[in-house]
Amino acid sequence: MIELGIVGKPNTGKTTLFNAVTLAQAPTAGYPFTTIDPNVGVTYYRTKCPCKEFGVQCNPQNSKCEDGVRYVPIRIIDVAGLVEGAHEGRGLGNKFLDSLRMAAALIHVVDAAGATDGEGKPCEPGSHDPVTDVRFLEREIDLWMRDILAKDWKSFARKMKYQRMDLVKEIAKNFSGLGIRESHVLEAVKQSGVDRSDPERWSDDDLLRFVSVLRRLSKPILIAANKADLPTAAENIPRLEELGYLVIPTIAEAELALRRAAEKGLVEYSPGGKDFQIRQEEVLSPEQKRALQHIREAMHRLGGTGVQDVIDRAVRDLLGLIVVYPVDDETKLTDKKGNVLPDAFLVPRGTTAREFAYRIHTELGETFLYAVDARSRRRLGEDYQLQDGDVIRVVAAKGR
């Protein structure tokens, strides 16, 4: 299962966002380090389910479908707040960073209103620059990765040079516990301009430049510009966008309130919606009604709370993943047990039909003959690149 990490300094709304997307009950408070141990949960990526297009009632097994929207599960982890010096163990630094080892992408929750200082303590809205929070998080992760690589670097570099070992492969092995692949390392070598043939000549600056590129490639970051409903956020959000990141304005508190109210049947709300409907107005107090009105006005101004968009765009735009539906019978869209459109697989854009077969089962990949497109019923060769929403049957050789 794909894993996303929620990161940021203390008291920016990280755990509130985590609770909103998972409907968990992780503790939140207006002071630093409420989160000590990582909170781990499951959230969902939204995509259009093919059921309505095909006119069938689907029976999902590894996901769920609500009114033609398929929700594909994603693992998400909310870690302790990061403070300056975390790579050296300050605050809960090492614990924070170690918790992110297998995250495919990071959601950096930033207080866009500038209402928390560098340590995560409340301050006058607008008095803190959220751009500095982005820069310090980048640097802390870079320094943490550099320290991993710099340990015994001289002997490592000598070994690469004189034993003629493959530098890219060996660095990838060093970082294998962080989900970093050889392709990430190779591209980072190219982009950083370090000397692949003689790593002994790498300076500390070379190491830092290299891991900085490697971090951007292997741990892409999306910024959730939280507290976007506060007036001081309006001028900061464009400044965050200028940093080159994908920035999504969010109101995590509003999303959490709506999801919990929907769970109790008080409102009708679909995650990612731009509005909601009150279902039991007579049981709401005047304070609750005012709070819902404030949420509605903010949602209309911003186009929603942004929280579900954070998950969807991290998966789709940051990681470049698509959803593919495998079936055993392309005419009935069923698996061997008769379940209709049973499974939804998240795979990288550009995945071929044979590569997809391997993801289902190794033997299926090894004996792959062709795939069948359930829409056109045409055969697809092993090099066919899957498209988002494809429904396919994999055909393999028998008796091998």
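The values are calculated or read from the model by the stated rules, or taken from the named source; none is laboratory data. Everything numeric in this text was worked out from a predicted model, so none of it was measured. Using ideal geometry, Cβ is built from the backbone for each residue, glycine included, and neighbour counts are taken over all protein chains shown.
Some points to look at:
Every residue, every condition in (1) within 15 Å of Gly114 (Cβ to Cβ); (2) crowded, with 24+ Cβ neighbours inside 10 Å, yes or no:
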position: Leu208; (1), (2): no, no
position: Ser212; (1), (2): no, no
position: Arg215; (1), (2): no, no
position: Ile223; (1), (2): yes, yes
position: Lys227; (1), (2): yes, yes
position: Pro231; (1), (2): yes, no
position: Ile237; (1), (2): yes, no
position: Tyr245; (1), (2): no, no
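- The range 265-301 - residue that is crowded, with 21+ Cβ neighbours inside 10 Å and of a type in the set (A, V, I, L, M) and, of those, nearest to Ile221 (Cα to Cα): Met299
- Single residue of the range 275-308 satisfying the filter (at pLDDT 95 or above and assigned to a loop (DSSP other than H, G, I, E, B)) that is farthest from Ala228 (Cα to Cα): Phe276
- Among the numbered conditions (1) farther than 15 Å from Asp335 by Cβ; (2) surrounded by 14 or more Cβ atoms within 10 Å (Cβ to Cβ), the only one that Val391 does not meet is (1).
- Enumeration of residues in the range 361-381 that are touching a residue at least 24 places away in the same chain (Cβ under 8 Å) and among the β-branched types (Val, Ile, Thr): Thr367, Val372
- Exclusive hit being more than 30 Å from Pro271 (Cβ to Cβ), under 30 Å from the mean Cα position of the chain (by Cα), touching a residue at least 12 places away in the same chain (Cβ under 8 Å) and surrounded by fewer than 21 Cβ atoms within 10 Å (Cβ to Cβ), set Tyr358, Tyr384: Tyr384
- When restricted to residues that are modelled with pLDDT of 75 or more, β-branched (Val, Ile, Thr) and over 17 Å from Thr47 (Cα atoms), the range 59-93 contains 3.
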